[in-house]
Amino acid sequence: GAVAFDTKDARDLLDGDGFGGSAKASFDTNSDVLTTGLTAYGMQDGFEFLAFLNRGKGGKFTAGNGDAVNGTATDFISGLGKLAWQSEAGHRFEVSHERVHDDAKRPFRANIGFIEGRPGWEPRVRDYRMDRENTVFSYTDAKPEGLWDPTLVLAYSETKVVTPVGRPPNIYDEPGDTRSINGKFENRFGFDLGSVTAGLDFYSDRARLEDPTLPARERAKNVGLYAQARLEPTDRARLSFGARGDRQWFESANDETFTNTGFSGNASAEYDILPEHLTAKVGVSRVWAGIPLAENFILNPNWAHDDLDPMTAENRMMGLVARWEGFTVEGSVFRTWLHDARDPAYHADLGAVQREVQSRGWEIGAGYAWADGFARVKYVNIDVDIDDGPADSDLGTYLATPVGEIVTVEAAHSFRDLGLRIGADAEFAFDYDRVPDGSRSYDAYQVVNAFAEYRLPLDPLITLRLDIRNIFDETYADRATYGQEFGTVTPLYQPGRTFLLTAGVAF
């Protein structure tokens, strides 16, 4: 899978030419963390700018049991700048740059509280200095005509982590970094039944560990061609189907090269069995993903790669959605298979380990929306197998972790005349004992949060908000946290009861 996001532009925040801005500050009472943010934006004669700066600093938080959780302090600064120009004909050029710097102590194993039996010289926490930057250039046509609706995107991203390694007295800083140059050019062909988007994309990625004794790196380059159709052949039916072909060149840490070609396809459909009231949906896909890069800090130039196959995935989903006068009920079942999923470890014999993963489950939800609010509840039940056995958080570190049964509930309501909005949400995770033999079952937990937000009808607009998180001071580690099934591991617990006070002003 992948995550893509589009940050807001000045045109999203202004109705026309002019300037605006906002400031926000929040204080977390659990860890004494103060976070402040400043934003400014403007538009004039086709030119736009947006700038954002955020700073957070504070101590470590306390879990529900009253114990301070080592390695959870806050010390970061982040910023984003965007410039854009749009011609009267609709040609839009945009460039943005984001930078994040995080410098705080983290657990020696970043996703673990503590492991019993570790060497006495191994510290409980260590500095992690992380720098991330993303630069993106794009061209779009804001006023497309006919079949010509192009998009061009070029991007560069890099993440660098520096942390002390070694055994006293031989301690030294070791950097690991991953960078990517990527882009795409596509065109959307629109017509009466819908559209077809076709294009070409590429990436050139590198992962590198700058160890003074065993430096290592991996590289991957890929070029792909794709097309995706989104059609509405009737008032009741919506179809989406597409395909792509990829060519990847992969260079391993021990300088072996692998060249592979793969093809992917997908199809999904929605059909209104009862227009506006009952919709059926189904989707299938087969995804060719190539060979993924390994994590920087486990790269080993002594890995032996007799064979390393490209990873593929198969996905199936089907569901129903029913609606009636503000009420919604929906349910779906899904299954995913990952074939030849890479799962490397630092040992010389483990760089080419590949596994078979299966995730399957179902979900059902219900909700009601009214003019000034909503309420909804959802239940999910998910099992994960790795190599035909139950997954655990160690085997699934790079693949998938157990989930089990989880219920989420949320509701919110706005009192418009008062400028007040209130809401709450809760997560209930049930005991989960589908774990490998000899492992402990996952404990149940319940977490409830609430908020109240008040907007003063002034110019500039002032917003005051109070969040109460983990109201009942639950001691828990969520299902994505490593080691809960192992008796020697103290997991990385989530914060206990927290009051978050936030004030913002916008003009």
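The values are calculated or read from the model by the stated rules, or taken from the named source; none is laboratory data. If you're wondering where the values come from, they're calculated on a predicted model, not measured in any experiment. So basically every Cβ, Gly included, is an ideal-geometry build from the backbone, and we count neighbours across all protein chains shown. For accessibility, only protein heavy atoms count, side chains too; no ligands or nucleic acids. Shrake-Rupley method; radii C 1.70, N 1.55, O 1.52, S 1.80 Å.
Brief remarks follow.
- Pairing residues of the stretch 15-44 that are in contact (Cβ under 8 Å) with a residue 60 or more places away in the chain with residues that are of a type in the set (A, V, I, L, M) and part of a loop (DSSP other than H, G, I, E, B), at Cβ distances under 8 Å and at least 6 apart in sequence or on separate chains, gives GLY20/LEU14; SER31/ALA73.
- Failed item in (1) over 28 Å from SER22 (Cβ atoms); (2) touching a Leu at 6+ places or on another chain (Cβ under 8 Å); (3) not hydrophobic (A, V, I, L, M, F, W, C), with GLN494 passing the rest: (2)
- Of all residues making up the stretch 318-336, the number that are of a type outside the set (A, V, I, L, M) and either surrounded by 15 or more Cβ atoms within 10 Å (Cβ to Cβ) or under 24 Å from the mean Cα position of the chain (by Cα) (or both): 9
- Screening ARG109, ARG99, ARG167 for residues that are open to solvent by 60 Å² or more (accessible area, probe 1.4 Å), within 30 Å of GLY71 (Cα to Cα), at pLDDT 95 or above and of a type outside the set (A, V, I, L, M, F, W, C) leaves exactly one candidate, ARG99.
- Within the stretch 425-432, not a single residue is under 24 Å from ASN30 (Cα atoms), in contact with a Gly (Cβ under 6 Å, 6 or more places away or on another chain) and surrounded by 17 or more Cβ atoms within 10 Å (Cβ to Cβ).
- Filtered by the rule that a residue be aliphatic (A, V, I, L, M), closer than 11 Å to ALA84 by Cα and either in a loop (DSSP other than H, G, I, E, B) or open to solvent by less than 30 Å² (accessible area, probe 1.4 Å) (or both), the stretch 26-53 gives a lone residue, LEU50.
- Candidates ALA304, ALA345 - the one that is surrounded by fewer than 18 Cβ atoms within 10 Å (Cβ to Cβ), touching a helix residue (DSSP H, G or I) at 6+ places or on another chain (Cβ under 7 Å) and not in a strand (DSSP E or B): ALA345
- You will find that of VAL353, VAL321, VAL333, the residue that is β-branched (Val, Ile, Thr) and closer than 21 Å to LEU293 by Cβ is VAL353 and no other.
For (1) under 22 Å from ALA63 (Cβ atoms); (2) at pLDDT 95 or above, each residue gets a yes or a no:
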position	(1), (2)
ASP425	yes, yes
PHE430	yes, yes
PHE451	yes, yes
LEU458	no, no
LEU461	no, no
ARG465	no, yes
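- Selection within the stretch 386-399 - buried (at least 16 other Cβ atoms within 10 Å of the Cβ) and either part of a strand (DSSP E or B) or free of Cβ contacts under 8 Å to residues at least 60 places away in the same chain (or both): ILE386, PRO390, ALA391, LEU395, GLY396
- Within the stretch 237-260, the set of residues being open to solvent by 70 Å² or more (accessible area, probe 1.4 Å) and either at positive phi or free of Cβ contacts under 8 Å to residues at least 24 places away in the same chain (or both) comprises ASP255, THR257, THR259.
- Test: ASP383 is open to solvent by 70 Å² or more (accessible area, probe 1.4 Å) and either of a type in the set (Gly, Ala, Ser) or over 22 Å from ILE471 (Cα atoms) (or both): no
- Residue in the stretch 76-85 that is closer than 28 Å to TYR476 by Cα and open to solvent by 30 Å² or more (accessible area, probe 1.4 Å) present: yes
- Subset of the stretch 419-473 (residues that are over 26 Å from the mean Cα position of the chain (by Cα), among the small types (Gly, Ala, Ser) and assigned to a loop (DSSP other than H, G, I, E, B)): GLY419, GLY438, SER439, SER441
- Selection status of SER268, open to solvent by less than 60 Å² (accessible area, probe 1.4 Å), touching a Phe, Trp or Tyr at 6+ places or on another chain (Cβ under 8 Å) and under 30 Å from ILE298 (Cβ atoms): no
- The stretch 113-163: number of residues that are in contact (Cβ under 8 Å) with a residue 60 or more places away in the chain and exposed (fewer than 14 other Cβ atoms within 10 Å of the Cβ): 2
- Any hit, the stretch 185-208, residues being at pLDDT 95 or above, farther than 19 Å from LEU152 by Cα and of a type in the set (Phe, Trp, Tyr): no
- The set of residues in the stretch 450-507 that are open to solvent by 40 Å² or more (accessible area, probe 1.4 Å), closer than 20 Å to ALA68 by Cα and hydroxyl-bearing (Ser, Thr, Tyr) comprises THR475, THR488, THR490, TYR493.
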